[in-house]
1. With the condition kept exactly as written, say whether any residue in segment 356-363 is at pLDDT 95 or above, crowded, with 16+ Cβ neighbours inside 10 Å and either outside the structural domain of Tyr59 (by TED's automatic domain parsing) or in contact with a strand residue (DSSP E or B) (Cβ under 9 Å, 6 or more places away or on another chain) (or both).
2. Could you pull out every one of the strands (runs of 3 or more DSSP E) wholly within segment 82-166 that has 3 or more residues that are within 15 Å of the chain's Cα centre (by Cα), more than 30 Å from Asp27 (Cβ to Cβ) and among the hydrophobic types (A, V, I, L, M, F, W, C)?
3. Tell me which residues, restricted to segment 60-119, are among the hydrophobic types (A, V, I, L, M, F, W, C), under 21 Å from Leu320 (Cα atoms) and touching a residue at least 40 places away in the same chain (Cβ under 8 Å).
4. Looking at Ile323, is it surrounded by fewer than 17 Cβ atoms within 10 Å (Cβ to Cβ) and assigned to a strand (DSSP E or B)?
5. Of these, Leu153, Leu160, which one is surrounded by 19 or more Cβ atoms within 10 Å (Cβ to Cβ), at pLDDT 95 or above and not hydroxyl-bearing (Ser, Thr, Tyr)?
6. I'd like to check which strands (runs of 3 or more DSSP E) are fully inside segment 186-294 and have at least 2 residues that are over 27 Å from Ile305 (Cβ atoms).
7. Given the conditions (1) at pLDDT below 95; (2) in a strand (DSSP E or B), report the number of the one that Gly170 does not fulfil.
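The values are calculated or read from the model by the stated rules, or taken from the named source; none is laboratory data. Everything numeric in this text was worked out from a predicted model, so none of it was measured. All Cβ positions, even for glycine, are placed from backbone atoms using ideal geometry, and neighbour counts span all protein chains on display.
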Amino acid sequence: MKFLRIILYPFSQLYGLLVALRNKCYDLGFFSSREFNLPVISVGNLTLGGTGKTPHIEYIIRLLKETHKIATLSRGYGRITSGFQMADERSTSADVGDEPKQFKRKFPDVEVAVDARRVRGIRRLLEKFPSLDLVLLDDAFQHRAVKPGLSVLLTDYTKLYYTDTMVPSGTLREWHSGVKRADIIVVTKTPALFSPLEKKRIIKDIRPLPYQHIYFSYLRYGDFVPMNNEEGSRQVLSREACFDQGYTVVMLTGIANAWHLEYFLKEKVKKLITVKFSDHHEYSLSEVMRLRDTFQELKGENKIILTTEKDAMRLDKAALIEILRTLPVYYVPIEIAFHDRDEQEFNQQIVDYVRANPYANNSH
C-alpha cells in the first residue's frame with residue numbers, strides 16, 4: 001500500500017495543483033460565488049466520503065424543523081436522472097440518490113431536492129417555496145459557486161484531514177489550507193468516552209483560526225428496524241436482545257466506511273459475517289440472491305441480516321423486495337451526539353446564525 005502511494009504521489013501533486021488553481025480563481029473573484037437572501041448552511045468535508053454528513057444534516061434538521069421551513073439540496077449521487085429533481089414519498093434511490101430519499105422518508109415536511117448545479121437548485125427551490133427559511137447543502141464544501149452563510153466541515157477522528165494526502169495517493173479532495181473556509185469544524189466518529197487531553201491535542205493540531213469553532217461528535221446506534229414490514233410481521237429488534245441471545249449477523253454494507261459499524265458489532269454478536277460493497281453501490285438481483293444463499297447456509301435460528309439505513313434505501317426495489325421479504329433483514333438507524341458542552345454550544349451557534357440572518361423566518 002505504501003509503495004502504491006509513492007507511485008501515485010506525482011498524480012496527487014498534479015491534481016492538487018489543479019484544485020489549488022481553481023480555488024485561487026474563486027478567491028480572486030475570477031469565478032463568482034453566489035450568495036442568497038436566506039440562511040444557507042453547507043455540510044461537507046475535505047475527503048472522499050465517510051465522515052458522517054448524513055447524520056449531521058439530520059441532526060440540524062431535528063434542531064430546527066419545528067420552528068423553520070427547511071429544504072435540503074444534494075447532488076443526488078448515484079441517481080440516473082439529471083438536472084433539478086424534487087423528492088417525494090414515491091422517489092427511489094435511482095430518482096434522487098440514497099441520502100435524499102432517506103431525508104424525505106424520515107422528514108416528510110422537509111423539502112428535499114437534488115441538483116448538481118447548486119445555484120440553480122437553490123433558485124428553483126425559492127421559486128417553488130418562497131417561504132423557505134433555510135437551505136441545507138449536502139456535501140457542498142468544494143462547490144464554491146454557492147457561498148454559504150455558515151460552512152460546517154467534518155473530519156473523521158480515525159483519519160483526520162491533516163494526516164491525509166491528496167487523491168489518488170490519499171483521500172483529500174483539496175489541500176489542508178481549504179479548511180480556512182469553514183466556520184465550524186466537527187471531529188466526527190470519536191469514541192463515546194473521549195479524553196479531554198485527546199480533545200486538546202486535536203484542537204492544537206488543527207490550529208483553528210479566530211472565527212472557527214471546533215466540536216466533537218460520536219455515533220449512536222438505534223435498535224434494529226425491520227425492512228419490508230408491510231404486514232407488521234416483525235417487530236423492532238433491540239440491540240440488547242440481539243447481543244444477549246447470541247445472534248449471528250450478516251452485515252451488508254455499501255458505504256464509504258463500514259469499519260465503525262463492524263467494530264460496534266464484532267465483540268457483541270456470536271458471529272459476524274461481513275458482505276461489503278463500494279460506496280453508493282446499487283444492488284443487483286444476483287447479489288441479493290447470493291446474500292440469501294449465504295444467510296440460509298448459516299446454522300441456528302438466531303440469525304439476521306443487518307444493513308445501514310442508506311443501504312436500505314437502495315435495497316428498496318420491487319425485484320429485490322421479492323427476495324428480501326422472506327428474510328429477516330433489518331437496518332440500524334444512526335444518530336450523532338456531541339460531547340459535554342459541545343451539544344449546547346453547537347446548537348446555539350446554528351440557531352443564532354439562522355435567527356441573525358435578516359432574511360430568515362419568511363422575511364426574504
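1. no
2. Correct list: empty, since no element meets the threshold.
3. Going through segment 60-119, the residues among the hydrophobic types (A, V, I, L, M, F, W, C) turn out to be 60-61, 63-64, 70-71, 73, 80, 84, 86-87, 94, 96, 103, 107, 110, 112-114, 116, 119.
Right, trim to under 21 Å from Leu320 (Cα atoms) and you get 80, 94, 96.
Across segment 60-119, the qualifying residue is only Ala94.
4. no
5. Values: Leu160 fails: surrounded by 19 or more Cβ atoms within 10 Å (Cβ to Cβ).
The unique qualifying residue is Leu153.
6. Values: elements: 213-221, 248-253, 271-276.
Of the strands (runs of 3 or more DSSP E) lying wholly inside segment 186-294, those with at least 2 residues that are over 27 Å from Ile305 (Cβ atoms) span 213-221.
7. Result: Gly170 fails condition (2) only.
A quick yes/no check of all residues on (1) in contact (Cβ under 8 Å) with a residue 40 or more places away in the chain; (2) basic (Lys, Arg); (3) not assigned by TED's automatic domain parsing to the domain that holds Lys303:
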| site | (1), (2), (3) |
| --- | --- |
| Val249 | yes, no, no |
| Ala256 | yes, no, no |
| Glu267 | no, no, no |
| Ile273 | no, no, no |
| Lys276 | no, yes, no |
